[in-house]
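Report on one structure; see the data block that follows.
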Amino acid sequence: MRKVTIIGVPMWLGQTHFGTHLGPDAIRSAGLIEQLQLSHSEVVDAGNLPINIEIDVVCSSNSCIVRNLEGVCAGVSRLAEKVAQTVKDRRFPLILGGDHSSSIGSLNGLSRHYRNLGVIWYDAHADSNTPETSPSGNAQGMPLAASLGLGHPDLIEIGGYRHKVKAENVVLIGIRDIDPGEKQLIQEKQIKTFTAEDVHRLGISAVMEETIAYLGRQCDGIHLSFDMDVIDPSEACGVGTPVAGGISMDSNLQAMNILAQSKVITSADFVELNPLLDKDNQTAKAAVALIQALLTD
C-alpha cells in the first residue's frame, strides 16, 4: 500500500492572478482523500503550510527583478523542509498548489534524497525563464530554471546549494507557449521536450513510454510536476494562463495510468488550479481524477 502525505501550498505570489492559494482546499473538497482511499493508498493530510499571501515589495538586484521575491522564497523554503522530511519518513509527497513557483521548494526538498532526480515537467509552459529573460518578473515562470541553478541567487540557493536537478534528467511534456529566452535555454541545455503538437502527432502512449525509458536509464527517483494548464482549456478552464491546443483529459488520464503502471513516480505536485476562474469545479474534479489515476496501484 502506498503511503501518501498530502501537502497544501496556498501560494499565489509567484504570479498575478489572485486565487491559486485556494487550489489545495478546492482539490480536497472535490473528493481527493476519499478517492485516494479507494485507490488503496494510506493517506495523511498534513494540511496547508503557513504561506504569506500579502504582496511584498518587488525585489531588484543587479537588474534582476522578481515579483514578491521575499514571500516566494519564504514559502518555497518551508515547502522544501516539509518535503525533505516526508521523503525521510518514507512517504510519497503529494504537493497541491498554489502557483508553479512552489515547485522550487518541491525539487529542493526532493533533491536532498536523490543523486539523479528525474523530473517530468507536464505543462503548457516551460517555466525556464530567469529574471533577465522573463517578460513578467513572475516567479511562476522560473521554477525549472531555478532548480537547474539559473536565475536569482535567492531562488537558486534555497537549501544552501545550487543545481537541484540536472538538465539531462528533465523531460518537458505538453509545451506550447514558450518565451525566446526559454527556447534558447532549452536548446543550450539540450532538454528533452515533447510539445503539445508532438503529443498530438505521436500519441500520448508513445510519448510517455519514451519518457519513462529515457529517465529510467539514469534516475534514482522521478518527480511529476503537473500544471493544470497543460489540459486543453475547453476541459479545464480554472487556470490563470490558459493556452489553446492543449492535451485532452482522456490523453492526460491515459498518461497518468501509464505512469502508475510503470511505478517510477516517487513524488508529484499538481499546481495552478485557480478556483475563482473555474466553472462548476471542472478543473478541481479533473485534478482529483488525474491524481487518482496516478496513484492507483
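Key figures for this structure:
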item: Simple label model, 7 Å out from Cα along Cβ direction - F18 to E42, nm; result: 4.2 nm
item: Approximate spin-label separation R112-E34, in nm, with each point projected 7 Å along Cα-to-Cβ; result: 3.6 nm
item: Cut-off of 10 Å, at most 13 other beta carbons, DSSP loop: longest stretch of the chain lacking such trypsin sites (Lys or Arg not before Pro); result: 116-216
item: Cross-link pairs K3/K82; K166/K263; K183/K285 - those with Cα-Cα distance over 27 Å; result: K183/K285
item: Normalised alpha carbon radius of gyration of the chain [divisor 2.2 N^0.38 Å]; result: 0.89
item: Cβ-Cβ FRET estimate between Q184 and E235, R0 fixed at 35 Å, reported to 0.05; result: 0.65
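Read the figures in this text as sums done on the coordinates, not as results from a lab. Because the structure is predicted, anything quoted here is derived from the model rather than measured. So basically every Cβ, Gly included, is an ideal-geometry build from the backbone, and we count neighbours across all protein chains shown.
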